[in-house]
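Engineer: Got a structure for you, questions after.
The values are calculated or read from the model by the stated rules, or taken from the named source; none is laboratory data. The shown structure was predicted, so the numbers you read here are calculated from the model rather than taken from an experiment. Note that each Cβ is placed from the backbone with ideal geometry, even for glycine, and that neighbours are counted across all protein chains shown.
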Amino acid sequence: MFLATAVEAVVRAGEIQQSYLGGDLDVRKKGRIDLVTEADLAVERMFRSMIAERSPDHQVVAEELGGVEAVRARHCWVFDPLDGTTTYAHGLPIFCASLALEVDGRAEVAAVYDVSRRELFTATRGGGAFLNGTPLSVTTTDRLIDALLVTGFSYKVHEDAGPLVSLFGAFLRTAQAVRRLGSAALDLCYVAAGRFDGFWEQHLRPWDMAAGALIVQEAGGVVTGIDGAPFETRHGHILACGPALHKPMLEVIDAWRAGQ
């Protein structure tokens, strides 16, 4: 039941996102480089209305309409109505809707929908991860020189560029290649699908990571903080990859941290 709700919500979100493209997005700034569009707001309103009607005792933690991050209810929906707003606002088809249901603080259901590619990523705890119904599996890559990695930069990059760029450089010097797409949720789904071998990022919010992290885990991947500690969506940082690549990636991060 909850997976069906999650799928319905992200697919409807994609339809709304698509409907605004080519029209008046009413792009505004929440911060110096942090954007919000009318599509973000319309999608979140749709979802909040859906949950209020179907499960009024459930909490919604979402990006745009003033939701707090502290969990007050047993069931908590963690929702990014439009992950990749900057690329969306510039007309680049790298964006999605990302939704996870946490039960007692742990993600149990996840759905991420990329309307541009008609790709629906789903997972349930213990039930595996899927792309349009096909099972997903992370790569078995065990050497960084053979690995295609992906990362992102937070909206605080102008104030915190040094550390972010230096860690990026550390991986750039050791990996086969590093990419930066602009949607943490899709980055994680692409790790789950084997398109990327590993992902790391700092200064994220729960809605950026909750769904994608479960999808990676259910695809056989390892998800921790960048310090190797158990993953927590409220800690704001993540390292996700295939099991064989986790130690090599941590070694790069540990060496970088030692030099800070």
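Engineer: Mind telling me which of the residues VAL43, VAL71 ends up being surrounded by 13 or more Cβ atoms within 10 Å (Cβ to Cβ), modelled with pLDDT under 95 and in a loop (DSSP other than H, G, I, E, B)?
Structural biologist: VAL71
Engineer: Has segment 206-225 got any residue that is over 12 Å from the mean Cα position of the chain (by Cα) and either closer than 30 Å to GLY91 by Cα or among the aromatic types (Phe, Trp, Tyr) (or both)?
Structural biologist: No.
Engineer: Here is a check on your reading of the model: is ALA193 surrounded by 15 or more Cβ atoms within 10 Å (Cβ to Cβ), farther than 24 Å from HIS235 by Cβ and under 15 Å from the mean Cα position of the chain (by Cα)?
Structural biologist: Yes, satisfied.
Engineer: Still on this structure, please answer the following. Among the numbered conditions (1) under 15 Å from GLY84 (Cα atoms); (2) in contact (Cβ under 8 Å) with a residue 60 or more places away in the chain, tell me where ASP187 comes up short.
Structural biologist: (2)
For every residue, the table says whether it meets (1) surrounded by 14 or more Cβ atoms within 10 Å (Cβ to Cβ); (2) not assigned by TED's automatic domain parsing to the domain that holds MET46.
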position: ARG118; (1), (2): no, no
position: PHE121; (1), (2): yes, no
position: THR134; (1), (2): no, yes
position: PHE153; (1), (2): yes, yes
position: PHE168; (1), (2): yes, yes
position: GLN176; (1), (2): no, yes
position: LEU186; (1), (2): yes, yes
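Engineer: Further question: Give me the pairs: first residue in segment 87-110 and assigned by TED's automatic domain parsing to the domain that holds ALA210, second residue assigned to a strand (DSSP E or B) and hydrophobic (A, V, I, L, M, F, W, C), beta-carbon distance under 9 Å, and six or more apart or on different chains, which are they?
Structural biologist: Note: no pairs meet the criteria.
Engineer: Something else now. Go through segment 209-232 and give me each residue that's among the β-branched types (Val, Ile, Thr) and buried (at least 24 other Cβ atoms within 10 Å of the Cβ).
Structural biologist: Answer for segment 209-232, where residues must be among the β-branched types (Val, Ile, Thr) and buried (at least 24 other Cβ atoms within 10 Å of the Cβ): ILE215, VAL216.
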